[in-house]
Amino acid sequence: MSKIKMIAFAAFAGLFAGGCGIAGTVSSAEESLSVRLDETYIVSAVVSDLPVELSAKVLNGDGNYVYGKELVWSVTAEEGIAEIREGNLLYVTGEGSFTVRAALADDESVYDDCECVSNQLTFSNVRILSKIENVTVYTQPVFLTGSVEVEGIDFPEDVHYELCYEVTEGPGYVSVGNYLYFTGEGTVKLLAYSRYDKSASVLLEIPVTDPDKGLDADSSEEFFQGDLETSGGCSAALSGGAAVSAFALGIAFLLGRKKR
């Protein structure tokens, strides 16, 4: 084999080997998957009729998210404390300790566990703290905040104070992030309740008005024409007042001349 052919063959072999090396790295990263369970609402769990939707992330060896991996959920607990229904919904039905596990469906040796403790808490005196008044169809979205009293545990966690918000009736809705939007005229009924006990709640009725309603075509046209003819309401008022004052001064001057 000539020297040139040997160099070309070596280069091709090196390129092929490099390609295999890259594929091997990807394969290796896939083989070193790990599961990271979201413990936010289950480490200090609450006995409740409302379920906790379990979630977890699958990571590769580089710490990047891997999508499309199915998880299998299980719980280890004494009877009557906790159970999983409908795939990933955790129902905490009694006080005690339990363990939640999230495992890869295609390899259950890859998993993450969370040691949990459940408490029977009492929630009361729910209040909406956001300032919501003089609402019109033009009012900007309102960020909702509230408070609730928690009893039954010496040191409640932040998650125990969480409220859920829901528009049960009227022209409005609550978006992700707890922003209340108004979409028309009417009465919005806003329900705020503990995320663990829907009976611990408060219902707020918010009247939403339309400031443009009731203006007939002639009056609204005259109003907008006036606005277009001036640089601002204040300036227009001052200009009108100045004209009246000048007229009054002119009359007074003429009367003064007649007396002389």
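The values are calculated or read from the model by the stated rules, or taken from the named source; none is laboratory data. Treat the numbers as computed from the prediction; the structure is a model and nothing was measured. Neighbour counts are summed over all protein chains in view; Cβ atoms, including those assigned to glycine, are modelled from backbone coordinates with ideal geometry.
Details
- Some residue of segment 59-73 being at pLDDT 95 or above, part of a strand (DSSP E or B), in contact with a Phe, Trp or Tyr (Cβ under 7 Å, 6 or more places away or on another chain) and not assigned by TED's automatic domain parsing to the domain that holds residue 194: yes
- Of all residues in segment 121-145, exactly one satisfies the criterion of being aromatic (Phe, Trp, Tyr) and free of Cβ contacts under 8 Å to residues at least 40 places away in the same chain, namely 143.
- From 76, 40, residue being part of a loop (DSSP other than H, G, I, E, B) and among the β-branched types (Val, Ile, Thr): 40
- Hits in segment 120-155 (condition: surrounded by fewer than 18 Cβ atoms within 10 Å (Cβ to Cβ) and under 27 Å from residue 96 (Cβ atoms)): 120, 122, 124, 149, 151, 152, 153, 154, 155
- Which listed residue is at pLDDT below 95 and either charged (D, E, K, R) or not assigned by TED's automatic domain parsing to the domain that holds residue 45 (or both), from 197, 212: 212
- The sole residue among 188, 137, 148 that is farther than 24 Å from residue 210 by Cβ and either at pLDDT 95 or above or outside the structural domain of residue 41 (by TED's automatic domain parsing) (or both) is 148.
- Some residue of segment 45-68 being under 23 Å from residue 156 (Cα atoms) and either among the basic types (Lys, Arg) or in contact with a helix residue (DSSP H, G or I) (Cβ under 9 Å, 6 or more places away or on another chain) (or both): yes
- For segment 111-129, the criterion of a residue being closer than 17 Å to residue 53 by Cα, at pLDDT 95 or above, in contact with a strand residue (DSSP E or B) (Cβ under 9 Å, 6 or more places away or on another chain) and part of a loop (DSSP other than H, G, I, E, B) is satisfied by no position.
- Unique residue being over 19 Å from residue 116 (Cα atoms) and either aliphatic (A, V, I, L, M) or exposed (fewer than 13 other Cβ atoms within 10 Å of the Cβ) (or both) when the list is 54, 50, 71, 37: 71
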